[in-house]
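Input: a single structure, listed below in structure tokens.
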Amino acid sequence: MPRINPPVAWSTSLFFAFTNLLALTVVPWWGFTQGYSGWAWLAFGVLLALGGMSITVGYHRLWAHRTFKARWPLRMLLAVFGAMALQNSIYNWAARHRNHHRYVDDVDRDPHSIRSGFWHAHIGWMLREWPASQPDFSTVKDLTRDPIVRFQHRYYWLLAWSTNLLFPLTLGLMLGDVVGMLLLAGVLRLVVSHHFTFFINSLAHTWGKRPYSDDNTAVDNALVALVTWGEGYHNYHHAFQSDYRNGIHWWQYDPSKWFINLCAWVGLAHDRRRVPRFRIQRARISTQFARLRARLEVTGVAPGWSEALDREYHQFKETVTQWQQWQARRVQVGREALRDRWTRIEMRTAYKELEYRLRMQRQRLRVLHAALSQ
């Protein structure tokens, strides 16, 4: 039975059509005929970063996933510039995003399921009154305890329009370039910011690798991370959504993580949640085992390969069991015992040994996969 499209969301559709049309026609035309000042380009970049990172750091990692805690000045800053990004209030945004994680890839319940098509995941889910796009506020009752979330939700449209008009207009009057500021720091900045965020729903579920889980379509893509303030490591995020980081390695581009760390250093953020390295390694190896078993079923190679994989898996389970035992002991001894220097050294040594075993096993599994691919 063909899918019946719901009514068009006219206000949203007309707004996107108007702003994108301006960005494609008037913005370049003015640039060719009149030119833009360096101040206009600087304002474009600064406001783009402030709005974009208020979404990734604030809307996403702070409020939607509660991966860290923030003092009220930082929360207020993120709420105001998040409103400038014009992606609805924190309350609405978090409600939809939590549903995305709960029902990822479900065409009937995921607000922007990639299985409904690239266009739908990117922007189409907002252009019609899709039932899945309606926010489920029962999932965000915890956010009502934050007075800044309540304030922003109540005065969202006042904040959104005043920041989008007031900031560029004020800068334009101060620097004598009103039109240039409105077009670059206003229109183009808003359109670019929107599409950068939308890439997380479309490209980050289409193009990339899935090292941590094959359970859904989320992928890791370093190029997407470059334009989404570090959100491109999306396979990791879906596997470990409680982690305040998306890029877990020092060389991965994740300015949102760096900003949170900076805020923690100056006392504006605290209680950053991190997934233990062992759990991350365990997820990667579990994914490797699943792919190797699938390849063995397809290739139908000699039984010796299957026996080798079984031995590796048995060793993997033993390592995981030992890690769980150490975790249980950590809980049992309690905080007082962990203050003892020798207890800490003993546990740290045990954890490092178990992590080393997993790293070595990952290497052996990569060799096995390469051999099967020949």
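Quick one: would you say SER202 is more than 16 Å from HIS97 (Cβ to Cβ), in the same structural domain as PRO111 (by TED's automatic domain parsing) and not hydrophobic (A, V, I, L, M, F, W, C)?
Numbers: more than 16 Å from HIS97 (Cβ to Cβ): no; in the same structural domain as PRO111 (by TED's automatic domain parsing): yes; not hydrophobic (A, V, I, L, M, F, W, C): yes.
Considered against the rule, which asks whether it is more than 16 Å from HIS97 (Cβ to Cβ), in the same structural domain as PRO111 (by TED's automatic domain parsing) and not hydrophobic (A, V, I, L, M, F, W, C), SER202 comes out as no.
Are any residues in region 263-321 aromatic (Phe, Trp, Tyr) and modelled with pLDDT under 80, and if so, which ones? Walk me through how you get there before you give the answer.
Filtering region 263-321 down to residues aromatic (Phe, Trp, Tyr) leaves 265, 278, 289, 305, 313, 316.
Answer for region 263-321, where residues must be aromatic (Phe, Trp, Tyr) and modelled with pLDDT under 80: just TRP305.
Go through region 266-281 and count every residue that is under 15 Å from ILE248 (Cβ atoms) and over 21 Å from the mean Cα position of the chain (by Cα).
1
Could you please let me know if ARG71 is in contact with a helix residue (DSSP H, G or I) (Cβ under 9 Å, 6 or more places away or on another chain) and buried (at least 17 other Cβ atoms within 10 Å of the Cβ)?
no
This table checks each residue for (1) closer than 23 Å to VAL8 by Cβ; (2) surrounded by fewer than 15 Cβ atoms within 10 Å (Cβ to Cβ).
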{"position": "ASP108", "(1), (2)": "yes, yes"}
{"position": "SER113", "(1), (2)": "yes, no"}
{"position": "SER116", "(1), (2)": "yes, no"}
{"position": "TRP125", "(1), (2)": "yes, no"}
{"position": "PRO131", "(1), (2)": "yes, yes"}
{"position": "VAL140", "(1), (2)": "no, no"}
{"position": "VAL149", "(1), (2)": "no, no"}
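Taking region 160-197 on its own, how many of its residues are in a helix (DSSP H, G or I) and closer than 15 Å to VAL27 by Cα?
At the first step, the residues of region 160-197 found to be in a helix (DSSP H, G or I) are 160-175, 178-197.
Keeping just the survivors that are closer than 15 Å to VAL27 by Cα gives 168, 178-192.
Total meeting the criteria: 16.
Looking at (1) within 20 Å of PHE240 (Cα to Cα); (2) surrounded by fewer than 22 Cβ atoms within 10 Å (Cβ to Cβ), find the lone condition where ILE55 falls short.
All conditions pass for ILE55, except number (2).
From ASP310, ASP271, which residue is loosely packed, with under 14 Cβ neighbours inside 10 Å and under 30 Å from TRP258 (Cα atoms)?
The match here is ASP271.
What residue, among those in region 282-307 that are among the hydroxyl-bearing types (Ser, Thr, Tyr) and over 29 Å from the mean Cα position of the chain (by Cα), is surrounded by the most Cβ atoms within 10 Å (Cβ to Cβ)?
SER306
The values are calculated or read from the model by the stated rules, or taken from the named source; none is laboratory data. The structure presented is a predicted model; accordingly, all values stated were derived computationally and were not measured. As a convention, Cβ positions derive from the backbone with ideal geometry for all residues, glycine included, and neighbour counts pool all protein chains shown.
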